[in-house]
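Okay, structure first, notes after.
The values are calculated or read from the model by the stated rules, or taken from the named source; none is laboratory data. Since the model is a prediction, treat every value here as computed from it, not as a measurement. For neighbour counting, all protein chains shown are included, and Cβ atoms are generated from backbone atoms with ideal geometry for every residue, glycine included. Surface areas here come from the heavy atoms of the whole protein model, side chains and all, with no ligands, DNA or RNA. Shrake-Rupley method; radii C 1.70, N 1.55, O 1.52, S 1.80 Å.
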Amino acid sequence: MSDCRLCGRPGAELFASVEGRRYLRCPRCHLTFLGVTQLPDRADEKAQYDLHRNEPDDPGYRRFLDQLGAPLCERLSAGDRGLDFGCGPGPALARMLEERGHPMRVYDPIYAPDPAALDQQYDFVTCTEVLEHLHWPEREWRRFAELVKPGGWLGVMTRFLTDDGHFPRWHYRRDPTHVCFWQPATFQWLAREQGWELVMANNPVALLRRR
């Protein structure tokens, strides 16, 4: 058994061993995560990320991101300011939200490591295709709570783990930089424990409002 890297409690047990990788699951918050000794280093992560071709002007990529952008914008007021956390090398979502009248800042630990962007609060924070990469999600979730103003929104996109039996064959698991897998029950736990109001949009989007 190991400590959970989201809720911090002991008791996470082996969930699956696939292709030499050991995945644990926490019975409390339901997070499934890769064992700490098998986490990729920053150089390996960047090499994998550099293979992605996510261009801000790509219509297909913009439609993909609008799975989060559209339902989030329905809940924002005109001129609300946001942060795209984990924006990657081409901050497409930030551009899309600016086009809709929302001033944006961006942060990414590899491609846009601007610590000043983390020193203020925002009306909303977006986090697309990031949660599955977090090595220490408890730390990052505390940061999200500090970044979002009371009453503001956190919009996250990550493919939900809904079929345990399919996990060994799941394409999302096969990405070597994907180390945390989130269930709807995980977001429900976060909402209860940390005081977020949760709106579960269609897989892969969850919206959380800070109370």
Discussion item. Just to verify a result, which residue in the range 70-89, among those that are assigned to a helix (DSSP H, G or I) and touching a strand residue (DSSP E or B) at 6+ places or on another chain (Cβ under 8 Å), is farthest from Leu147 (Cα to Cα)?
Written reply: Pro71
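Assess whether Arg209 counts as being part of a strand (DSSP E or B), of a type outside the set (Val, Ile, Thr), crowded, with 16+ Cβ neighbours inside 10 Å and touching a residue at least 40 places away in the same chain (Cβ under 8 Å).
So Arg209 fits the description; yes.
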Worksheet entry | Every residue from the range 193-202 that is open to solvent by 60 Å² or more (accessible area, probe 1.4 Å) and in contact (Cβ under 8 Å) with a residue 24 or more places away in the chain | Glu193, Gln194, Asn202
Worksheet item: What pairs can you find where one residue is in the range 103-127 and closer than 16 Å to Val156 by Cα and open to solvent by 40 Å² or more (accessible area, probe 1.4 Å), the other is part of a strand (DSSP E or B) and acidic (Asp, Glu), and their Cβ atoms are less than 6 Å apart, with a gap of 6+ or different chains?
Response: Val106/Asp84
Worksheet entry | Residues within the range 46-97 that are open to solvent by 30 Å² or more (accessible area, probe 1.4 Å) and under 16 Å from the mean Cα position of the chain (by Cα), tallied | 5
Practice prompt. Please tell me if Arg143 is more than 26 Å from Ser77 (Cα to Cα), basic (Lys, Arg) and either part of a loop (DSSP other than H, G, I, E, B) or open to solvent by 40 Å² or more (accessible area, probe 1.4 Å) (or both).
Written response: no
Practice prompt. State which residue is farthest from Cys26 (Cα to Cα) when the search covers only the range 96-153 and only residues that are touching a strand residue (DSSP E or B) at 6+ places or on another chain (Cβ under 8 Å) and aromatic (Phe, Trp, Tyr).
Written response: Tyr122
Discussion item. Can you report the number of residues in the range 154-192 which are without any contact (Cβ under 8 Å) to a residue 60 or more places away in the chain, among the small types (Gly, Ala, Ser) and touching a strand residue (DSSP E or B) at 6+ places or on another chain (Cβ under 8 Å)?
Written reply: 1
Item to complete: Examine the range 173-187 for a residue that is surrounded by 13 or more Cβ atoms within 10 Å (Cβ to Cβ), modelled with pLDDT of 95 or more, polar (S, T, N, Q) and assigned to a loop (DSSP other than H, G, I, E, B), and state whether such a residue exists.
Response: yes
